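Some notes on the structure that comes next.
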Amino acid sequence: MSQVNHKNFEWNPKLVDRYNLAGPRYTSYPTAPQFHDAFQSDEFTQALINSNASAAPLSLYFHIPFCAKICFYCGCNKIATRDTGRCEPYLEHLIKEMDLVAKHLDTSRPVNQLHWGGGTPTFLSHEQMRELMRETRKRFNLRDDDLGDYSIEIDPREIEPDTLALLREIGFNRVSFGLQDLNPKVQEAVNRVQPRDMTEGAIIQARELGFRSLNLDLIYGLPHQTPETFAATLEEVIEINPDRLSVFNYAHLPERFKPQRRINADDLPSPDDKLKILEQTITRLVDAGYVFIGMDHFAKPEDSLAIAQQEGRLHRNFQGYTTHSECDLIAMGTSSISQVGPTYAQNDYDTESYEAKIGQGRFATIKGMTLSQDDLIRRAAINQLICHFSLDGDFFAKQHKINFANYFAKELNLLKQHQADGLLNIEGNQLEVTPAGRLLIRSICMVFDAYLDQESIGKAFSRII
Ligand SMILES: C[S@@+](CC[C@H](N)C(=O)[O-])C[C@H]1O[C@@H](n2cnc3c(N)ncnc32)[C@H](O)[C@@H]1O
Ligand code: SF4
């Protein structure tokens with residue numbers, strides 16, 4: 001593999017080989033394995049009440065866990081059904097959950113961000129989608145100026161000709177489409193046949209309707225993919241011209257995700273081929289004018305994500321990168337995770353027990369945690385590094401009222417190895433990740449993680465690349 005140097009990114013095969021260990025993705029710190037079941041509905045209620053003092057704006061997340069047809073690779077929390085009637089009781093419980101939240105939260109706080117994820121949110125009927133948004137608007141202070149980020153995940157196979165117009169009308173202004181791969185053989189093997197026209201048509205329509213930050217999801221590592229087939233997919237994707245791209249690494253864990261048992265492990269690309277696909281993907285997308293934001297994400301330079309990174313305003317949460325760090329994130333529906341003040345709280349995965357708990361008038365929290373002062377400091381350091389690839393220790397010290405060199409003496413010592421290997425430069429209290437270190441940013445963040453038990457990493461987390 002060649003040594004490719006591309007603007008802010010460099011592919012260094014020796015470093016990739018050495019640092020491609022298992023590690024967390026840091027959509028939260030501490031990561032989900034630290035959540036515990038002593039944090040339940042009462043603790044979440046208290047977190048909501050406490051958060052009102054900050055008057056911070058809100059980010060609302062709704063999980064819609066239904067899919068008409070299951071893609072074999074899928075690792076999301078979803079239910080396969082063709083019966084749209086199944087959504088009715090679920091919607092009723094989402095509305096009850098909003099009532100519960102509204103009982104404790106100052107709902108005059110503006111909703112700067114709103115997201116419907118899944119599953120497949122557009123599995124809901126048009127009337128159900130209208131109802132969910134209407135009921136949300138009744139209880140929360142949704143913005144009417146189109147300046148919030150109101151986004152939805154869409155499976156282009158699951159929309160009617162007028163679905164996007166309806167979504168725009170009820171207040172959405174951002175959209176992310178699932179695509180994964182355009183090669184027919186790959187699509188067949190994962191049970192997701194989705195011709196190019198379908199995706200391209202949806203993108204064109206969304207743009208005409210005034211949706212911004214149009215995103216496409218791709219996955220590398222799927223059955224029958226080769227560097228050549230994925231390069232061809234990528235050329236077509238560049239022609240389709242989304243504003244953002246997420247390129248996820250497929251982790252084959254059939255013991256954990258049942259649908260993956262329908263994928264023949266012999267059809268998967270080799271680890272070497274996967275690395276080659278990743279290398280050519282980043283190189284090609286950067287060449288085509290996309291900014292490598294880091295951790296699977298790309299955006300055009302004029303997109304708000306790239307601008308926020310440029311201006312040092314990017315953050316990371318359960319929805320990936322976000323420009324809304326100021327918000328308390330209230331997540332509703334099965335398996336969803338809230339981030340309110342210094343707490344995390346996760347809902348029950350199971351629809352029946354979620355509905356039973358909400359029906360009894362309490363939150364369906366199954367686990368969570370309250371962060372300590374040390375957790376908050378480390379979360380800020382990891383967030384800064386993973387979003388901006390640099391850390392100004394002097395500025396950080398003032399912000400957090402610490403002596404940076406003393407507080408992180410152990411970490412700075414450990415990072416000497418990363419520095420010697422060329423992943424980052426340290427001068428005084430200034431940390432600067434190199435273009436070669438950007439792809440391996442998780443390995444640098446892991447040094448700041450106080451909970452990492454090196455032995456358990458391989459079991460709990462996927463490989464970095
Ligand atoms: C909830 S789905 C997106 C919305 C809609 N259900 C769809 O598929 O179009 C979220 C995304 O997660 C990604 N994904 C799902 N399972 C994955 C896996 N096992 N490995 C990597 N990415 C995965 C896919 O790219 C998918 O588009
Ligand atoms: S990728 Fe999307 S459509 Fe496919 S099973 Fe997963 S959630 Fe459902």
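The values are calculated or read from the model by the stated rules, or taken from the named source; none is laboratory data. All of these numbers come straight from a predicted model, not from anything done at the bench. Here the Cβ positions follow ideal geometry from the backbone for every residue, glycine too, while neighbour counts run over all protein chains shown.
Being in the same structural domain as residue 314 (by TED's automatic domain parsing) and on the phi > 0 side of the Ramachandran plot is a condition met by at least one residue of region 274-292. The residues of region 142-171 that are hydrophobic (A, V, I, L, M, F, W, C) and closer than 20 Å to residue 112 by Cβ, listed by number, are 142, 147, 152, 167, 170. Given the structure, is residue 144 under 30 Å from residue 100 (Cβ atoms), more than 16 Å from ligand 1 (Cβ to nearest atom) and surrounded by fewer than 22 Cβ atoms within 10 Å (Cβ to Cβ)? Judged against the criteria, residue 144 is a match.
Screening residue 152 against (1) away from ligand 2 (no atom under 15 Å from the Cβ); (2) under 26 Å from residue 233 (Cβ atoms) leaves a single unmet condition, (1).
The set of residues from region 28-65 being part of a strand (DSSP E or B), hydrophobic (A, V, I, L, M, F, W, C) and away from ligand 1 (no atom under 16 Å from the Cβ) comprises 58, 60.
The residues listed here are 276, 258; of these, the one that is within 16 Å of ligand 2 (Cβ to nearest atom) and over 20 Å from the mean Cα position of the chain (by Cα) is 258. Please find, within region 393-438, the residue that is farthest from residue 14 (Cα to Cα) out of those that are of a type in the set (Lys, Arg) and in a helix (DSSP H, G or I). By that ranking, first place goes to 398.
For beta carbons closer than 9 Å, sequence separation of 6+ or different chains, a first residue in region 163-183 that is within 13 Å of residue 150 (Cβ to Cβ) and touching a residue at least 24 places away in the same chain (Cβ under 8 Å) and a second that is among the β-branched types (Val, Ile, Thr) and in a loop (DSSP other than H, G, I, E, B), the qualifying pairs are 167/159. Looking only at region 208-233, residues that are within 17 Å of residue 187 (Cβ to Cβ) and either within 15 Å of ligand 1 (Cβ to nearest atom) or small (Gly, Ala, Ser) (or both) come to 13 in all.
The residue that is farthest from residue 103 (Cα to Cα), among those in region 361-405 that are among the charged types (D, E, K, R) and surrounded by fewer than 17 Cβ atoms within 10 Å (Cβ to Cβ), is 394.
Only one entry in 304, 390 is hydroxyl-bearing (Ser, Thr, Tyr) and not assigned by TED's automatic domain parsing to the domain that holds residue 430, namely 304.
Residue 238: without any contact (Cβ under 8 Å) to a residue 24 or more places away in the chain and β-branched (Val, Ile, Thr), yes or no? Judged against the criteria, residue 238 is not a match. Close Cβ contacts (under 9 Å, 6 or more residues apart or on different chains) running from residues in region 426-447 that are assigned by TED's automatic domain parsing to the domain that holds residue 393 to residues that are assigned to a helix (DSSP H, G or I) and among the acidic types (Asp, Glu) comprise 428/394; 429/394; 430/394; 436/421; 437/421; 447/411. Can you spot a residue in region 163-170 that is more than 23 Å from the chain's Cα centre (by Cα), over 29 Å from residue 328 (Cα atoms), within 16 Å of ligand 2 (Cβ to nearest atom) and not acidic (Asp, Glu)? Yes; the residues of region 163-170 include at least one that is more than 23 Å from the chain's Cα centre (by Cα), over 29 Å from residue 328 (Cα atoms), within 16 Å of ligand 2 (Cβ to nearest atom) and not acidic (Asp, Glu).
For the criterion of being over 28 Å from residue 325 (Cβ atoms), polar (S, T, N, Q) and within 23 Å of the chain's Cα centre (by Cα), residue 77 fails.
Looking at 47, 68, just one residue is among the aliphatic types (A, V, I, L, M), over 22 Å from the mean Cα position of the chain (by Cα) and surrounded by fewer than 19 Cβ atoms within 10 Å (Cβ to Cβ), and that residue is 68. Taking the criterion of being closer than 19 Å to residue 56 by Cα, buried (at least 20 other Cβ atoms within 10 Å of the Cβ) and either out of contact with any Gly (no Cβ under 8 Å at 6 or more places or on another chain) or not aliphatic (A, V, I, L, M) (or both), the residues of region 113-141 that qualify are 113, 115, 136, 140. Checking the structure you have, find out if any residue of region 143-161 is touching a Cys at 6+ places or on another chain (Cβ under 6 Å) and in contact (Cβ under 8 Å) with a residue 24 or more places away in the chain. Within region 143-161, none of the residues are touching a Cys at 6+ places or on another chain (Cβ under 6 Å) and in contact (Cβ under 8 Å) with a residue 24 or more places away in the chain. Of all residues in region 344-370, those satisfying the criterion of being among the aromatic types (Phe, Trp, Tyr) and either assigned to a helix (DSSP H, G or I) or touching a Lys or Arg at 6+ places or on another chain (Cβ under 9 Å) (or both) are 344, 354, 363. Within region 171-209, the residues that satisfy the criterion of being within 16 Å of ligand 2 (Cβ to nearest atom) and among the hydrophobic types (A, V, I, L, M, F, W, C) are 175, 177, 179, 182, 186, 189, 190, 193, 198, 202. If you go through region 72-99 and keep only what is touching an Asp or Glu at 6+ places or on another chain (Cβ under 9 Å) and within 16 Å of ligand 2 (Cβ to nearest atom), you end up with just 90. Considering only residues that are more than 9 Å from ligand 1 (Cβ to nearest atom) and assigned to a loop (DSSP other than H, G, I, E, B), look in region 66-76 and name the one that is farthest from residue 219 (Cα to Cα). Going through the qualifying residues, I end up with 68.
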